[in-house]
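The values are calculated or read from the model by the stated rules, or taken from the named source; none is laboratory data. Being a predicted model, the structure only gives us computed values, none of them experimental. Glycine gets a Cβ as well: all are built from the backbone with ideal geometry, and neighbour counts include every protein chain shown. Side chains are part of the model used for accessible areas, which takes the heavy atoms of the whole protein and leaves out ligands, DNA and RNA. Shrake-Rupley method; radii C 1.70, N 1.55, O 1.52, S 1.80 Å.
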Amino acid sequence: MPVEVSDVPEAKRYEARVDAESKVAGIADYIRTAELVAFVHTEVEPEYEGRGVGSALVRKALDEARAANLRVLATCPFFAGWISRHPEYQELLYQSRSSVSD
């Protein structure tokens, strides 16, 4: 079951399709700036759950963030959990450089 993932910038999301179907099997919404991309919501249609659609969305989105030299803010629990299980992507995570002092 091949999963094709593409960025749809006008919708501010990645879309996944399975077996070249026209129906969207899953989406990953994002907010992008010049330096950062925040992944805020991921959703996979129930009939495609457990078939690798979510993982394909995350991997493609993170690979493109890496290629664009963007830091990643994973506010979406699915993205955060996936990254925690894949250490090869953890260096992409945004870390605040400001410090708070009393």
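Based on alpha-carbon positions alone, could you give the equivalent ellipsoid semi-axes of the chain from the gyration tensor, as √(5λ), descending, whole Å?
Value: 26, 14, 12 Å, ordered largest first.
Using the heavy atoms of the protein chains alone and a 1.4 angstrom probe, what is the accessible area of the chain per residue in square angstrom?
61 Å²
Considering only protein heavy atoms and a probe of 1.4 Å, how much of the accessible area of the chain is carbon and sulfur, as a whole percent?
Ligands and nucleic acids excluded, carbon and sulfur give 50 percent.
Per residue of the range 30-47, what does 6.51 cos²θ - 1.76 cosθ + 1.60 with θ = phi - 60° give for ³J(HN,Hα)? Whole Hz please, x for Gly and Pro, Karplus curve as stated.
Couplings: 9, 10, 10, 10, 5, 10, 9, 10, 9, 8, 10, 6, 10, 9, 10, 4, x, 6 Hz.
Find out how many positive minus negative residues lie around CYS76, taking Lys and Arg as positive, Asp and Glu as negative, among other residues whose Cβ is under 10 Å from that of CYS76.
Here the count lands on -2.
Alpha carbon centre of the range 28-81 versus the range 1-20: separation in Å?
Comparing the Cα centres of the range 28-81 and the range 1-20, I get a distance of 11 Å.
Determine the gain in length on full extension of the stretch LYS23-MET1; use 0.36 nm per residue of separation and subtract their C-alpha separation, reporting nm with one decimal.
In short, 6.5 nm is gained.
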